[in-house]
1. Can you sort 65, 126, 43 from fewest to most other Cβ atoms within 10 Å of each residue's own Cβ?
2. Taking the Cα atoms of the range 51-153 alone, what are Rg (to one decimal) and Dmax (as a whole number) in Å?
3. May I ask which residue of 147, 76, 92 lies farthest towards the positive end of the charge dipole of the range 51-153, with charges of +1 (Lys, Arg) and -1 (Asp, Glu) on Cβ and the Cα centre as origin?
4. Net charge near residue 124: determine it from the other residues with C-beta under 12 Å of the C-beta of residue 124, scoring Lys and Arg +1 and Asp and Glu -1.
5. Ranking 34, 45, 106 by Cβ neighbours within 10 Å, fewest first, what do you get?
6. Rank these for me by crowding, 112, 67, going from fewest to most other beta carbons within 10 Å.
7. Using a simple charge model, +1 on the beta-carbon of Lys and Arg, -1 on the beta-carbon of Asp and Glu, nothing else, what dipole does the range 70-156 show about its Cα centre, in debye to the nearest 20?
Amino acid sequence: MRRLLPLLLLSLTACGAEPAATPPPTTTTAAPYVRTPLDCSKLTVTPLTVEPGIGYIIGTHAEWLPKGQYIRIRVAITNTDSTFHTTRPTDYQLDDAADHPHQTSVDAMEIKRQPNELNIGAGNRLEMDLWYDIPVDTQPKLLRDNTCTTTIPLPG
């Protein structure tokens, strides 16, 4: 009986004890992404191929029809600096033959699992696809970097 007494007292003490107050979780928000003029001078965007007239896309989890036609532009982005730089596909708009600007298609970019933001390491080159949904009665003309206010001619 004497052996059980300390165990009994310990369990009674544990039942009456109030739980320790846990501090509230801290939330940290990342600083919003901002490209700088340094990023513009150190990243080179080179369109490799342009594939117009795509009538639908199929991915691992969805298939989708465009409002007009999908345009796939394969680009190589090269970082010529000794540190990493960041870019986003939404920074590049496609101007069509009628000089109308088109942003990347959110649906097509998600279905084809293209990244929303790219961190490109020092001296690295990255290839990716930019997907646009433009009217059927027009053709792609050039890429425009909205952040750096530069134009990028398309091949062909």
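1. 65, 126, 43
2. Answer for the range 51-153, Rg first and Dmax second: 14.1, 44 Å.
3. Checked the options; the winner is 76.
4. Counting the neighbours of residue 124, the net charge comes to 0.
5. Starting with the residue having the fewest Cβ neighbours, the order is 34, 106, 45.
6. 67, 112
7. Rounded to the nearest 20 debye, it is 280 debye.
Every read-out reported here was derived from the displayed coordinates using simple, explicitly stated rules and does not represent laboratory data. Since the structure is predicted, the reported quantities are computational estimates derived from the model, not experimental observations. Cβ sites come from the backbone with ideal geometry, for glycine too, and all protein chains shown count toward neighbours.
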